[in-house]
């Protein structure tokens, strides 16, 4: 596998990890006991820390990318392992 492919997979997994981790650890002003600013949405986060989110997403994406590359290299899980419905039926040839 080329390093550019690994970099692209890492970037995709980083974005997915960031979106996955986004709601964890965030508290609203009501949950934190902080006074809200007039006009503020009730669901607005009081303690959003994008640096911490980026660090967590970086670590998770690195682990997932390493597992993906290891699976690609050693072939632990292949397409045959993901076929839950048996073998595919034979399709007629079109001429």
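What follows draws every value from the coordinates through simple rules; no lab data is involved. Bear in mind the structure is a predicted one, so any value in this text is a computation, not a measurement. Cβ sites come from the backbone with ideal geometry, for glycine too, and all protein chains shown count toward neighbours.
To the nearest ten degrees, helix 3-21 and the longest principal axis of the Cα atoms of the chain are 40 degrees apart. The calculated FRET efficiency for the pair residue 22 and residue 93, based on their C-beta separation and a Förster distance of 41 Å, comes to about 0.25. Taking 7 Å steps out from each Cα toward its Cβ at residue 48 and residue 73 produces label points 3.9 nm apart.
From helices alone, the chain scores -17000 deg cm²/dmol at 222 nm; the rule is -39500 (n - 2.57) for each run of n ≥ 4 DSSP H residues, then divide by the residue total. Multiplying the residue separation of residue 34 and residue 11 by 0.36 nm and removing their Cα-Cα distance gives an extension gain of 4.7 nm. Compared with the dominant Cα axis of the chain, that is its longest principal axis, helix 50-74 is turned about 10°.
Here the relative contact order of the range 15-76, from alpha carbon pairs under 8 Å that lie six or more residues apart, stands at 37 percent.
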